[in-house]
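To start, the structure under review is shown below, and the notes come after it.
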Amino acid sequence: MIDIKLIRENPELVKQGIANKNDKSSVDDILAVDLERREKLQLVEDLKSKRNNASQEIGKLKKAGENTDAIMAEMKEVSDEIKRLDDELKEIEEKFKSLLEWVPNLPHSSTPIGKSADDNVEARKWAPDDFSFENDFKPLDHIELGKKLGILDFERGAKISGSGFPVYVGKGATLERALISFMLDYHIEHHGYKEIFPPFLVNPDSMYGTGQLPKMQEDMYYMERDEMYLVPTAEVPVTNLHRNEILSEDQLPINYVAYSACFRREAGSYGKESKGFLRVHQFNKVEMVKIVKPETSYDELEKITNDAEDILKELKIPYRILMLCSGDLSFAAAKCYDIETWSPAENKWLEASSCSNFEDFQARRANIKFKRKDAKKPEIAHTLNGSGLATSRLMVSILENYQTPEGKIIVPKVLQKYTGFAIIE
């Protein structure tokens with residue numbers, strides 16, 4: 001959530017940031033409601049002060065044996081006015097909160113300004129020394145490979161659940177499990193993260209805290225009877241571990257890593273690429289979450305991105321890093337790097353990770369604070385998250401990049417101790 005003080009003091013800056021995100025939130029509407037809210041608050045405070053002073057005066061008059069009917073009648077009118085204003089104020093507060101919670105986070109000054117994904121900026125690219133983007137044979141796509149080798153079953157997944165719910169079979173299931181275990185172990189052992197195994201169902205407060213509600217409610221799976229949401233990412237439960245908490249300075253930075261299944265309805269995304277793993281409603285992801293001091297958050301963004309890159313280097317999967325432009329940023333992000341892996345069969349890059357700095361946007365909504373050693377008051381922390389990584393798109397790149405001309409799959413060397421086999425055939 002944006003700090004209302006920033007909107008009051010720098011309305012034009014906020015307007016420009018909102019416009020750069022292709023959002024239509026009205027700063028003028030917010031300021032108008034905020035002014036009405038503050039004026040009514042002041043009026044209520046003045047009336048309460050008047051009533052308190054009158055109460056003392058009534059006490060003195062009664063003690064002196066004087067008549068208090070007139071002043072008591074006047075205070076009855078004041079109390080009725082206070083109640084009326086409190087009712088009005090409650091409605092104004094709800095309107096103010098509703099307007100404010102739909103305002104997106106503002107892009108950081110280093111975020112490129114642009115309207116869409118076409119304006120994203122490639123920051124860097126990596127591939128193994130022996131890698132070539134030109135294939136000696138026509139590669140099969142992951143769907144053909146999965147069917148031929150009996151390791152993926154999209155048809156039966158559609159039968160038992162619907163499209164976008166894949167089934168991993170035999171060595172395909174083992175490879176998926178191995179990939180998750182490898183990524184968790186690597187982040188713990190090499191990057192110093194603490195593992196969390198979170199719930200896969202969360203309450204609305206958790207979804208609100210990380211910015212999924214109310215903006216993206218239609219994209220989420222909701223269990224109305226229980227008022228619970230299936231997690232779209234482990235970012236939601238893990239970040240909310242410290243909701244409504246004041247952390248000590250010594251606790252920061254907090255570095256968590258977690259596996260979760262992820263569930264996304266993706267309402268309105270129909271017509272996009274939909275075959276196989278290119279668009280799924282359920283997938284697996286290893287997520288990194290950081291809670292840090294404000295002055296270190298952009299250094300931490302580089303670190304979390306490098307941590308995701310390390311996984312791909314170990315797997316020897318070609319990738320590139322994109323700096324997202326303002327128009328392609330998520331609702332809550334101030335700056336974001338997308339990591340895309342190479343698909344030989346699709347002959348293009350596929351998004352496999354996003355690493356974002358939310359600054360104080362999520363922490364303000366979730367009320368996550370920290371207190372410096374000598375400070376009188378706590379401050380709002382900064383939060384970050386990064387996919388480390390999502391397995392669905394990554395599985396596409398592993399299967400397609402590691403296939404042989406005969407249609408076998410060589411298991412990446414770092415995964416072989418987890419799979420117990422080196423070849424899928």
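Placing +1 on the Cβ of each Lys and Arg and -1 on the Cβ of each Asp and Glu in the range 8-73, which of 52, 41, 30 has its Cα farthest towards the positive end of the resulting dipole?
My answer, from the dipole projection, is 52.
Carbon and sulfur together cover what percent of the accessible area of the chain at a 1.4 Å probe radius?
48 percent
Using DSSP H assignments, which helices in the chain have an axial alpha-carbon span of 24 Å or above and a mean Kyte-Doolittle hydropathy of -0.5 or higher?
Helix filter hits for the chain: 171-191.
Over what distance in Å are the Cα centres of the range 204-232 and the range 371-410 separated?
22 Å
Can you give the FRET efficiency to the nearest 0.05 for residue 190 and residue 70, using r as the Cβ-Cβ distance and R₀ = 45 Å?
The computed FRET efficiency comes out at 0.05.
May I ask for the percentage of alpha-carbon pairs in the range 254-397 that lie more than 21 Å from each other?
Everything past 21 Å amounts to 49 percent.
Dipole of the chain, Cα-centred, from +1 at each Lys and Arg C-beta and -1 at each Asp and Glu C-beta, to the nearest 20 debye?
With Lys and Arg at +1 and Asp and Glu at -1, about 620 debye.
Cα to Cα, under 13 Å, and not fewer than 8 places away if on the same chain: which aspartates and glutamates meet these conditions relative to residue 5?
Qualifying aspartates and glutamates at Cα under 13 Å: 34.
Please give the contour-minus-distance gain from residue 83 to residue 6: 0.36 nm per residue of separation, less the Cα-Cα distance, rounded to one decimal in nm.
24.6 nm
Estimate the FRET efficiency between residue 98 and residue 295 by the formula 1/(1 + (r/R0)^6), using the beta-carbon distance for r and 25 Å for R0, to the nearest 0.05.
Step by step, r from the Cβ atoms, then E = 0.20.
At 1.4 Å probe radius, can you tell me the per residue accessible area of the chain in Å²?
49 Å²
Can you tell me which of 24, 63, 95 moves the most in a GNM of the chain? Springs connect C-alpha atoms under 10 Å apart.
Per the Cα network of the chain with a 10 Å cutoff, 63 tops the list.
Per the helix-only calculation at 222 nm, which mean residue ellipticity applies to the chain, given -39500 (n - 2.57) for every DSSP H run of n ≥ 4 and division by its residues, nearest 500 deg cm²/dmol?
About -13000 deg cm²/dmol.
Rounded if a/c is under 1.5, else prolate if a/b is larger than b/c, else oblate: which is the chain, with a ≥ b ≥ c the root eigenvalues of its Cα gyration tensor?
prolate
Could you name the lysines whose alpha carbon sits less than 28 Å from that of residue 60, not counting residues in the same chain fewer than 8 places away?
Output for residue 60: 48, 50, 76, 83.
Of the listed pairs 293/313; 335/417; 215/313; 40/377; 290/377; 215/316, which have alpha-carbon separations greater than 32 Å here?
Pairs exceeding 32 Å: 335/417; 215/313; 215/316.
Could you give the length gained on full extension between residue 22 and residue 250, defined as 0.36 nm per residue of separation minus the Cα-Cα distance, in nm?
Contour length minus the Cα-Cα distance gives 78.2 nm.
According to the square roots a ≥ b ≥ c of the eigenvalues of the Cα gyration tensor, what is the shape class of the range 1-140, taking rounded for a/c under 1.5, prolate for a/b larger than b/c otherwise, and oblate for the remainder?
prolate
The values are calculated or read from the model by the stated rules, or taken from the named source; none is laboratory data. Here the structure is a predicted model, which is why all the values come from computation and not from measurement. In this analysis, Cβ positions are derived from the backbone assuming ideal geometry, glycine residues included, and neighbour counts consider all displayed protein chains. The area values use the complete protein model at the heavy-atom level, side chains included, leaving out ligands, DNA and RNA. Shrake-Rupley method; radii C 1.70, N 1.55, O 1.52, S 1.80 Å.
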